[in-house]
Amino acid sequence: MDIDKLYAIALEASRASYSPYSRFRVGAALLCSDGSIVTGTNVENRSFGLTTCAERNALVTAVGQGKRSFSMIAVATPDAEYPVSPCGACRQVLSEFMAPEIPVIFGHKADDLVVTTIGQLFPYDALHELGK
Ligand code: THU
C-alpha cells in the first residue's frame with residue numbers, strides 16, 4: 001500500500017465527518033498489519049469536550065475488530081490551508097499500539113503530504129513498562 005493510496009482513503013473517510021461546530025473535516029485511514037484498512041472520522045458533540053478525533057476513532061474501531069498491529073496511518077484535513085498533524089491526545093493514543101518507526105502521513109491536499117513517524121510526533125514516549 002503506498003502513501004498516496006492510503007491518503008486518498010483517508011480523504012474519502014473525511015466525507016463522513018460530523019463536524020457542524022468546527023466545520024473542519026478530518027479523515028483517518030489505518031493500514032493494519034493483516035493488510036486491511038480501517039477508517040475513522042471526527043465526530044463532534046454539542047458538549048464540545050466530547051468530540052472524538054478521526055485518528056482515535058479509526059484506532060478504537062480497529063482494536064474493537066481484534067486488530068492490534070498496524071503499519072501506517074494517513075490523516076486528511078481537506079478544510080485546512082496547510083497540513084494539520086494529529087493532536088497531542090491522538091499521538092499519545094496511537095503510541096499505545098504503534099511502534100515509533102510506524103509512518104504517519106498527513107496533509108490537506110494530495111500534493112502536499114507530510115511523511116513522518118509516531119516517534120517523531122511523540123518523542124520521549126513513556127510508561128511502556130506499565131503494559132508489560
Ligand atoms: N481533529 C481531528 O479529528 N484530528 C486531529 O488530529 C485534529 C483535530 C478534529 C477535532 C474537531 O472535530 C476538529 O478536528 C477541529 O479541532
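The values are calculated or read from the model by the stated rules, or taken from the named source; none is laboratory data. All values derive from a computational prediction rather than experimental measurement. For neighbour counting, all protein chains shown are included, and Cβ atoms are generated from backbone atoms with ideal geometry for every residue, glycine included. What goes into the accessible areas is simple: the full protein's heavy atoms, side chains included, and nothing from ligands, DNA or RNA. Shrake-Rupley method; radii C 1.70, N 1.55, O 1.52, S 1.80 Å.
Here are some notes:
- Where a residue in the range 3-15 is at pLDDT 95 or above and its partner, wherever it lies, is in a helix (DSSP H, G or I) and of a type outside the set (D, E, K, R), with Cβ under 9 Å and at least six apart: 10/54; 10/58; 13/54; 13/58; 14/54
- When residue 95 is tested against the conditions (1) more than 14 Å from residue 31 (Cβ to Cβ); (2) in contact with a Leu (Cβ under 8 Å, 6 or more places away or on another chain); (3) of a type in the set (S, T, N, Q), the lone failure is (2).
Matching residues to (1) surrounded by 15 or more Cβ atoms within 10 Å (Cβ to Cβ); (2) more than 8 Å from the ligand (Cβ to nearest atom); (3) within 19 Å of residue 110 (Cβ to Cβ):
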{"residue": "17", "(1), (2), (3)": "yes, no, yes"}
{"residue": "30", "(1), (2), (3)": "yes, yes, yes"}
{"residue": "33", "(1), (2), (3)": "no, yes, no"}
{"residue": "62", "(1), (2), (3)": "yes, yes, no"}
{"residue": "67", "(1), (2), (3)": "yes, yes, no"}
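- Inside the range 36-58, residues that are touching a helix residue (DSSP H, G or I) at 6+ places or on another chain (Cβ under 6 Å), open to solvent by less than 20 Å² (accessible area, probe 1.4 Å) and of a type in the set (A, V, I, L, M, F, W, C) make up a count of 1.
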